[in-house]
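Each remark here refers to the structure printed beneath this line.
Please treat every number below as a calculation from the coordinates, not as lab data. On a predicted model such as this, the values are computed, not experimentally measured, just so you know. In this analysis, Cβ positions are derived from the backbone assuming ideal geometry, glycine residues included, and neighbour counts consider all displayed protein chains.
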Amino acid sequence: MARLTNEDIDFYEQHGWLMTEPVLPEEAIAQTLAGLEQHWSGHRDHRLEGAGTYFADWMPGDGVGTRNNEYISLQNELVSRLAWSPLIGEIAAAATGSETIRLFDDQIVYKPGGQSDAVVGWHVDGDYWGTCSSQNMLTAWVPLHDCPAELGPLVVLDGSHKWSHLLERSALSFHRKDMEGLARAVNELGFEFKPVTMEMKAGQFSLHHCRAIHGSYPNRSDRARIALAVHLQDGENRYRAATRPDGRPVELFNDRICRRTADGLPDYHDEKVFPRLW
Ligand SMILES: O=C(O)CCC(=O)C(=O)O
Ligand SMILES: [Fe+2]
């Protein structure tokens, strides 16, 4: 299904997520894994200043927990081939009804086997993108191997893109460990708490809407669970100034490294930082 059917597009609109057929070539996945090994052995095709300070960049020696490497496609060309693939862009464009799709940023989430409590806490990607004008951004979640439930694949709360804004925001974070408390809060608001597990074969990927609540459970298997999350902007997205609850301005790492528009604002169409997939 390089292109989505109208049913797929309606499904995405109603549920806030979808899973593709196996469409990504084995070779692209193997190259991404090779790119990761290069990265973890210290190789950089392009060096990004600020690793570890402005963005997560797990390196050997940083501990045995979940590994998180952000902005990896800007640094490693093998990873960028998959992360920037027109195929992901075409499917994201069809789902969002946008003519263009650009990278916003990306990350590897590597969960070693044998975890008992290392979760990715429930969160909404859009909450990390306060400076984005669009409410139509999305993420492609790409497992780099077959990913049955025991490996702790991505879990999306069905339909939550329609009501996540009604929840107390502070209850949600990538780094929060309490997976159970949210069900109560959702039910109290009168919505159904319906987790959907993105169990997929290598070559498949899922999309989730930027307002969809998602997270993942521990990897209880004896193998690593490795996924590439490609965060994407639709054609409408622009920079807009935003402030945190404490009044400080929101500044994303993207804002530090991209060029400026004529009026001096971060340009989210800068091809060097936000390559166009579609
Ligand atoms: O890989 C995971 O478990 C979490 C990924 C995630 O938060 C995302 O794809 O937006
Ligand atoms: Fe996420």
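Counting pairs on different chains as well as pairs 8 or more places apart, how many Lys pairs in segment 6-249 have Cα atoms under 21 Å apart?
Summing the qualifying lysine pairs gives 4.
Comparing Gly97, Gly247, Gly126 in a Gaussian network model of the chain (Cα springs below 10 Å), the most mobile by mean-square fluctuation is Gly247. Taken over segment 21-80, the percentage of Cα pairs per 10 Å bin, counting from 0 up to the bin with the maximum distance, is 22, 50, 23, 5. A Förster distance of 25 Å, applied to the separation of the beta-carbon atoms of Asp270 and Trp40, puts the FRET efficiency at 0.35. Over the C-alpha trace of the chain, radius of gyration and Dmax come out as 17.8, 53 angstrom. Here the simple spin-label model places points 7 Å from the Cα toward Cβ, and for Glu99 and Lys162 these points are separated by 3.0 nm. A helix-only calculation puts the chain at -6000 deg cm²/dmol for mean residue ellipticity at 222 nm, using -39500 (n - 2.57) for each DSSP H run of at least four residues, averaged over all residues.
Between segment 203-278 and segment 129-181, what is the separation of their alpha carbon centroids in Å? Segment 203-278 and segment 129-181 have Cα centres spaced 13 Å from each other.
Among Trp129, Trp58, Trp40, the largest mean-square fluctuation in a Gaussian network model of the chain (Cα springs under 10 Å) belongs to Trp40. When you restrict to C-alpha pairs under 8 Å that are six or more residues apart and normalise by the size of the chain, the relative contact order lands at 29 percent. Where is the GNM fluctuation largest for the chain (alpha-carbon springs, 10 angstrom cutoff): His46, His15, His161? Looking only at His46, His15, His161, the largest GNM fluctuation is found for His46.
Couplings 3J(HN,Hα) of segment 110-124, computed from phi: 10, 10, x, x, x, 7, 10, 9, 7, 9, 9, x, 4, 7, 10 Hz, in residue order, whole Hz [Karplus 6.51 cos²θ - 1.76 cosθ + 1.60, θ = phi - 60°; x for Gly and Pro]. Volume per residue for segment 123-278 equals 135 cubic angstrom (convex hull of Cα atoms). Shown in residue order for segment 127-139 are the 3J(HN,Hα) couplings computed by the Karplus curve 6.51 cos²θ - 1.76 cosθ + 1.60 at θ = phi - 60°: 5, 8, 10, x, 8, 9, 6, 8, 9, 10, 6, 7, 10 Hz (x for Gly and Pro). Net length available on complete extension from Asp178 to Arg244 is 21.4 nm, with 0.36 nm assigned per residue and the Cα-Cα distance removed.
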